[in-house]
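Just so it is clear, none of the values below were taken in a lab; they were calculated from the coordinates. Since we're looking at a predicted model, the values are computed, not measured.
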């Protein structure tokens, strides 16, 4: 079984650290740019402004050893297993980001609202 992931691009964002970001894009996410690698340019066919898409990212700053968290980082909530939360800290830190395409310029796709930090690897784009 081939389980190798291919990074198809990277996020360019004004968010530089995890502590700056909202928990979800619809809670204060910003407009950001997805920079697609040249080798995946043909996969962009059909994308257009106004389209709602889902980005799958690799949350590269996540703690992959974390199995329990306080939901939403609120310590007054009892700890739960990460599989019952949206925590970025988990064994396989795959981010799911519903966004809208603002514009496309070559290999750059402007989207909003996005809460990913600058340099986040992009795994895939799916039509929502």
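Observations on the structure shown:
- Comparing Cα centroids, segment 90-128 and segment 11-84 end up 7 angstrom apart.
- Segment 9-127, relative contact order in percent, only Cα pairs under 8 angstrom and at least six apart counted: 44
- Largest first and in whole Å, the equivalent-ellipsoid semi-axes of segment 9-127 read 28, 14, 12, each the square root of five times a Cα gyration tensor eigenvalue.
- For the options 55, 107, 67, a Gaussian network treatment of the chain with springs between C-alpha atoms closer than 10 Å singles out 67 as fluctuating the most.
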